Amino acid sequence: MAKFSGTRRPKPKPSPQSRLDGLAGLLKKVSTFSAPMDMVLSQAFRDESRLGSSARFFLAESAYAAVRYWSAFSHLLNESDFRLEADPAATTAWRRLAMLAACQAVGYDRLVSELSEGERAWLLLAMERFDALTPPASLSLPDWIWQAWVTQFGPQEAAALGEACLRPAALDLRVNRSKATVKEVVQALAQAGIAVQVSSELPGAIRVEGRPALSQLDAFQQGWFEVQDLGSQLLARLLNPARGEFVVDFCAGAGGKTLALGDLMRNTGRLYAFDTATNRLARLKPRLARSGLSNVWPVAIAHERDDRVKRLRGKAQAVLVDAPCSGLGTLRRNPDLKWRQTPDSLAQLIQTQRQILDAAARLCAPGGRLVYATCSVDQRENEDQVDWFLSEHPSFERADSQAALLAAGATLPADWQAFNAAGDLRLRPNWSNTDGFFGVLLIKKDPQRENPVGQ
């Protein structure tokens, strides 16, 4: 259990009272969980454009703490939730929630001067009760997620995974080999006073200490590196596209894996980046320009059966399907997802994943490689989907992902427990200190080959 851990506005400087009250107002907006957390915060900061960096840090960190521990805080306040606008005591409840969240984010010692004597007494008692909570309330997971994890992993592993999802995520970089070496990036970061650790698991990966403002660095603006979780980088390595290949990133989004694939291809061949969301593809454009890659072709499609997809049927040597998913492997970064997802939304995602995977498989040439991946830890989105796919597509077979990653230069420690019994990649934050990811390498059988993969 994470324990409670121990601000500047230019004109006008906020008073201690207004700081907590401002946080209480922000938490009311967050509480509907109707939009992604980062969007809610961005809008709040636009509405309060005079907030300084210290005030923004306080609000953001405290809001994320509230979302991480929402059910635990709710339990402490003896309320089922915090949507209390009709309650005469709502103001007190929201302020108490703000106190709990701020205490978790910045520490009691940095908050005590802003509290009345009665609030101090209440908060000290609440801190004691908080530290005494036991799973699942202390892990602050919705019961349907907790029960699924207990069923799939057992209570001990579920508790460890839930605890890990409450910790801050690591900050990883991927070196753009077409523009810089690992040594050059490390030196550039050192000159900026940023401490790093070069990955021993994956060539070109670097872990940064703290949360420095990387986007202001010349090395970033020149495209020397991209921010990308180590687990995400491993998925690109699992597909491992070669020079001159025809490759499709079927759900490209903002293009993090697309850029990694293009770099592995050494800026040769042709790489299509498909997505149905034009706003996500738009975020790829400046990143693509920084990267210097000229082999990437972003394409907005209407749906997975779009004619622009059908025209490539049977032509791709490698296809990545980073499928839309629950995102439950990224709760360290996106804690609001556990409150925004529901059993019904998960069921719908599973159907969407199958439709996309079916369409993407049609692009593979004989002997072609298909990687199906999610940033979820739920077996229903991962292993169960692979079982379904192979039963419906006998022309594909499962390859050993562990062997494929080793051949691609990735060596994962045994204590990561990074592979399931079938050899698929399976990362969990409590073991690997990466986001939770799943990846399986599938091969389309080539009738002209005498020895299929794995034989």
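The values are calculated or read from the model by the stated rules, or taken from the named source; none is laboratory data. Model, not experiment: these values are computed from the prediction. Glycine also receives a Cβ, built like all others from the backbone with ideal geometry; neighbour counts cover every protein chain displayed. Please note that ligands, DNA and RNA were not included when accessible areas were found on the heavy atoms of the full protein model with its side chains. Shrake-Rupley method; radii C 1.70, N 1.55, O 1.52, S 1.80 Å.
Helices (runs of 4 or more DSSP H) fully within segment 287-364 that include at least 3 residues being open to solvent by 60 Å² or more (accessible area, probe 1.4 Å) and at pLDDT below 95: 307-310.
Looking for something assigned to a loop (DSSP other than H, G, I, E, B), surrounded by fewer than 18 Cβ atoms within 10 Å (Cβ to Cβ) and among the basic types (Lys, Arg) - is there at least one such residue anywhere in segment 199-212? Within segment 199-212, one or more residues are assigned to a loop (DSSP other than H, G, I, E, B), surrounded by fewer than 18 Cβ atoms within 10 Å (Cβ to Cβ) and among the basic types (Lys, Arg). Answer yes or no: is there a residue in segment 234-241 that is in a loop (DSSP other than H, G, I, E, B), aliphatic (A, V, I, L, M) and either closer than 24 Å to Ile443 by Cα or modelled with pLDDT under 95 (or both). So far as segment 234-241 goes, no, none of its residues is in a loop (DSSP other than H, G, I, E, B), aliphatic (A, V, I, L, M) and either closer than 24 Å to Ile443 by Cα or modelled with pLDDT under 95 (or both).
With respect to (1) more than 18 Å from Leu331 (Cβ to Cβ); (2) of a type in the set (Gly, Ala, Ser); (3) touching a Lys or Arg at 6+ places or on another chain (Cβ under 8 Å), the lone exception for Ala170 is condition (1).
Ser215 meets each of the listed conditions (1) assigned to a helix (DSSP H, G or I); (2) open to solvent by less than 10 Å² (accessible area, probe 1.4 Å) apart from (2).
The set of residues from segment 360-402 being under 19 Å from the mean Cα position of the chain (by Cα) and small (Gly, Ala, Ser) comprises Ala373, Ser376. Within segment 112-139, if we keep just the residues that are of a type in the set (A, V, I, L, M) and open to solvent by less than 50 Å² (accessible area, probe 1.4 Å), the residue that is farthest from the chain's Cα centre (by Cα) turns out to be Leu115.
Residues of segment 140-179 that are assigned to a helix (DSSP H, G or I), of a type in the set (A, V, I, L, M) and farther than 24 Å from Gly210 by Cα: Ile145, Ala148, Val150, Ala158, Ala159. Of all residues in segment 219-228, at least one satisfies being buried (at least 18 other Cβ atoms within 10 Å of the Cβ) and either among the hydroxyl-bearing types (Ser, Thr, Tyr) or over 23 Å from the mean Cα position of the chain (by Cα) (or both). Here Arg266, Arg243, Arg237, Arg283 are screened, and the one residue that is surrounded by fewer than 18 Cβ atoms within 10 Å (Cβ to Cβ), closer than 23 Å to Ala169 by Cα and of a type outside the set (Phe, Trp, Tyr) is Arg283. Would you confirm whether or not segment 165-177 contains a residue that is acidic (Asp, Glu) and within 19 Å of Asp229 (Cβ to Cβ)? Within segment 165-177, one or more residues are acidic (Asp, Glu) and within 19 Å of Asp229 (Cβ to Cβ). Can you find a residue that is under 22 Å from Thr258 (Cβ atoms) and among the small types (Gly, Ala, Ser) anywhere in segment 182-195? Taking every residue of segment 182-195 in turn, none turns out to be under 22 Å from Thr258 (Cβ atoms) and among the small types (Gly, Ala, Ser).
If you go through segment 371-412 and keep only what is part of a helix (DSSP H, G or I) and either of a type in the set (A, V, I, L, M, F, W, C) or open to solvent by less than 30 Å² (accessible area, probe 1.4 Å) (or both), you end up with Gln385, Val386, Trp388, Phe389, Leu390, Ser401, Ala403, Ala404, Leu405, Leu406, Ala407.
Condition first: open to solvent by 20 Å² or more (accessible area, probe 1.4 Å) and more than 18 Å from the chain's Cα centre (by Cα). Now tell me which residues in segment 246-263 satisfy that. If the condition is that a residue be open to solvent by 20 Å² or more (accessible area, probe 1.4 Å) and more than 18 Å from the chain's Cα centre (by Cα), then Phe246 is the only one that fits. Could you check segment 41-64 and list, in sequence order, the residues that are of a type in the set (A, V, I, L, M, F, W, C), touching a Leu at 6+ places or on another chain (Cβ under 8 Å) and either outside any loop (DSSP other than H, G, I, E, B) or at pLDDT 90 or above (or both)? Those that are of a type in the set (A, V, I, L, M, F, W, C), touching a Leu at 6+ places or on another chain (Cβ under 8 Å) and either outside any loop (DSSP other than H, G, I, E, B) or at pLDDT 90 or above (or both): Leu41, Ala44, Phe45, Phe58, Leu59, Ala60, Ala63. Within segment 180-198, being open to solvent by 40 Å² or more (accessible area, probe 1.4 Å), closer than 30 Å to Ala63 by Cα and assigned to a loop (DSSP other than H, G, I, E, B) holds for Ala192, Gly193, Ala195.
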